[in-house]
1. Which condition breaks for residue 324 when tested against (1) surrounded by 23 or more Cβ atoms within 10 Å (Cβ to Cβ); (2) closer than 26 Å to residue 218 by Cβ; (3) among the charged types (D, E, K, R)?
2. Which of (1) touching a residue at least 24 places away in the same chain (Cβ under 8 Å); (2) farther than 25 Å from residue 281 by Cα is the odd one out, the single condition residue 153 does not satisfy?
3. Quick check, is residue 424 over 26 Å from residue 86 (Cα atoms) and either of a type outside the set (D, E, K, R) or over 22 Å from the mean Cα position of the chain (by Cα) (or both)?
4. Would you pick out the residues in the stretch 385-400 that are β-branched (Val, Ile, Thr) and either more than 12 Å from residue 367 (Cβ to Cβ) or modelled with pLDDT of 95 or more (or both)?
5. Has the stretch 221-240 got at least one residue that is among the aliphatic types (A, V, I, L, M) and in a helix (DSSP H, G or I)?
6. What number of residues within the stretch 57-74 are open to solvent by less than 30 Å² (accessible area, probe 1.4 Å) and either part of a helix (DSSP H, G or I) or not assigned by the TED database to the domain that holds residue 433 (or both)?
7. In the list 388, 350, 392, which residue meets the criterion of being of a type outside the set (A, V, I, L, M, F, W, C), assigned to a helix (DSSP H, G or I) and surrounded by 15 or more Cβ atoms within 10 Å (Cβ to Cβ)?
8. Restricting the stretch 435-449 to residues that are of a type in the set (D, E, K, R) and out of contact with any strand residue (DSSP E or B) (no Cβ under 6 Å at 6 or more places or on another chain), which is nearest to residue 312 (Cα to Cα)?
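The values are calculated or read from the model by the stated rules, or taken from the named source; none is laboratory data. Not measured: the values here are computed from a predicted model. Here the Cβ positions follow ideal geometry from the backbone for every residue, glycine too, while neighbour counts run over all protein chains shown. Only protein heavy atoms, including side chains, enter the accessible area calculation; ligands, DNA and RNA are left aside. Shrake-Rupley method; radii C 1.70, N 1.55, O 1.52, S 1.80 Å.
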Amino acid sequence: MKFAIVSLVALTSFISSVPTTSPNAGSSKKNMIMMVSDGFGPASETLARAYVQQSGKYPPNFMSVIDRILVGTSRTRSADSFITDSAPGAQCFSTGTKTYNNAIGVSPDYVPLGTNMEAAHRAGYKTGLVVKSYIADATPSVFAAHAANRAMQDLISEQMAGLVPEIGRNVDLMFGGGRCTFIGNATKGSCRTDSYDLFPVMQKNGWTNIFNRSEFNALTNTPKLPLSGLFTLGNVPYAIDYPDNDVPSLVEMAKKALDILYTASKDSAKGFYIMIEGSRIDHAGHSNDAGAHIREILEYWETVAMVSEFVDAHPETAMISTSDHECGGLTLGRDNNYFLYPLTYQKQTKSHEVICTQLLAANVTARGDLVTNVIAPKYLGVANVTTKATSKILAASNTSECYMALADALAIPANLAWTSLGHTGVDVNVYAKGNCVEDVKGNMENTDIGNWITKYLEVDLAPVTEAIKKTNVFQYAFKRPNTTYVFEY
C-alpha cells in the first residue's frame, strides 16, 4: 500500500474537532508519549500553516493540530555550545542533563548516565522507539544507549539491541530505518565496520525481527516482544518520496506501536513509555528543502492528531511534543520583499536528496537535458525556472552545492530563505496534552522537559547510572575537540 499524506480537508476537519484537554484529565498516571519534531522551529510551523491555509483557502484564524496544544517554548543549548547537536539536545529529554555536542547518554566526562527509558523499563513499563531516521541515530539512541560519540553506531546498535550485558535490554519495540548498522560488513548494504550480524543473535535472545511492508501489515496487536522493524537500510524516505517507496509511514508506525504497547501493558500496574520522532523534518532543513520540509511537518501533524485521539480515549496518558533544535535557519521573507508564496512548493514531487543523487550521478553531457526537461518541470514543478537558477544547479559539483542551488530555485520566488545547512540556536515550541501536563508551560530549559518526564513516570535514574557506570562507551579512540564556549553554572 502506498502511503499518502491525509487530505488537507480531512486533516483540518479533524483538527477543528479535537479538544485541547482530555475530558478526564487528572486520572491516575500511566502512559507517556514523548514526541520529538527534530529540527522543527517556529518559522517551520508558520510556513506549514501558511501552506495549508492557502491550499485550503482557510480563514486567517486557522490553527493546526499542534497550534491548539501550544504551551510554551524550550531553550536548546548543549553543555558546550549555544547551537546544539541532536544528541545532547535529545539527551536533555532522556536524562534531564546537558552534555557536549555529539555525546550519547554520557556526561561531559564520558560517564554513562541512566535514562528515563531505561529506568522505566526496569520499573515495569513497556518501552518503544519510533523514528524515520536510523534507529541508532542520535535522538533514539540517547534513550537507550551510551557512547562517547554519535558516530559510534556499531556500539550503539549493539546496546539498543540489548546485546551489551552491562546495560541489558531496555526497549521492547523499535520501528524505523538504519538496518545497515545491524548487519555485518560481509553483507551488501552494511554500514558496520565489522562482520558482526546482530539479527541472528537478537532472534536467539527472543526478538521478533521484521523488515518490510508485508510483515508490518501482518502484525497483530499482540506480537511476541521484543519487536524490531527496521524497514530500510538507511533513513526511511521522505514523505514526498513515498510514491516511489513502499514503506510504513511515520503515522502508521506510531499507530501500530501504540496499539501493541497499550495491549501489552493494559493489565499491568505500569503502562508504556514511547518516543516518536519526526526525524526527517531536520534532514529537510539540512538540505534546505522547503518542499520536503513542509510534507514532513504535515506528516508529523497527522501523527500528533492520531496520538491526540489516543490520549482522548486513554485519559491516563500524557503527551508532550517539542524539538531538540531548529535546523536550516528558515526565515519567511527576504530581499526587502513583503510577501510569501508557500504554494510555490505545491508541485514539487521529489526531495532534494533524490534529485541531487540523480543529478550528481549523471555524466556532464546529460545534465543539461536532465535539469531542463526533468528536474525543473517534473521534480521542482516549475516550467519557467530562470537560466540563472538552472546554471547554478548545473554547476553543482557536490551535494551541498546541489542542495543550495535547488533551494534557491524555489525559495527566491517563494520569498523565503535559509541561513544555514546546519542547526541554529533559536528557542523551539513546546506542545502538550493529556494527564498532568499543567506544569509544562512557559519558557523552559530543555532539561526541564526531561526532568518532568522522569517525574511523571515516577522513576529514579540514579540506580541505573550506578549499575551501568563501568559500561564501555568507546567504539574507537576518541577525544572531543576543544570547545569554543563552555557554560558555567
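1. (2)
2. Among (1) touching a residue at least 24 places away in the same chain (Cβ under 8 Å); (2) farther than 25 Å from residue 281 by Cα, the lone unmet condition for residue 153 is (2).
3. Numbers: over 26 Å from residue 86 (Cα atoms): no; either of a type outside the set (D, E, K, R) or over 22 Å from the mean Cα position of the chain (by Cα) (or both): yes.
So residue 424 fails the test.
4. Keep residues of the stretch 385-400 that are β-branched (Val, Ile, Thr), which gives 385-387, 390, 393, 399.
Correct list: 385, 386, 387, 393, 399.
5. Applying the first criterion (among the aliphatic types (A, V, I, L, M)) to the stretch 221-240 yields 225, 227, 230, 233, 236, 239-240.
Then keep just the ones that are in a helix (DSSP H, G or I); that gives 239-240.
Scanning the stretch 221-240 turns up at least one residue that is among the aliphatic types (A, V, I, L, M) and in a helix (DSSP H, G or I).
6. Initial filter on the stretch 57-74 (open to solvent by less than 30 Å² (accessible area, probe 1.4 Å)): 62, 64-67, 69, 72, 74.
Of the ones still in play, those that are also either part of a helix (DSSP H, G or I) or not assigned by the TED database to the domain that holds residue 433 (or both) are 67, 69.
Total satisfying the criteria: 2.
7. On the way: 388 fails: surrounded by 15 or more Cβ atoms within 10 Å (Cβ to Cβ); 350 fails: assigned to a helix (DSSP H, G or I).
Matching residue, one of 388, 350, 392: 392.
8. Step one: filter the stretch 435-449 for residues of a type in the set (D, E, K, R), giving 438-439, 441, 445, 448.
Checking the rest, the ones that are also out of contact with any strand residue (DSSP E or B) (no Cβ under 6 Å at 6 or more places or on another chain) come to 438-439, 448.
Numbers: 438: 16, 439: 19, 448: 25 Å.
Among those residues, the one meeting the criterion is 438.
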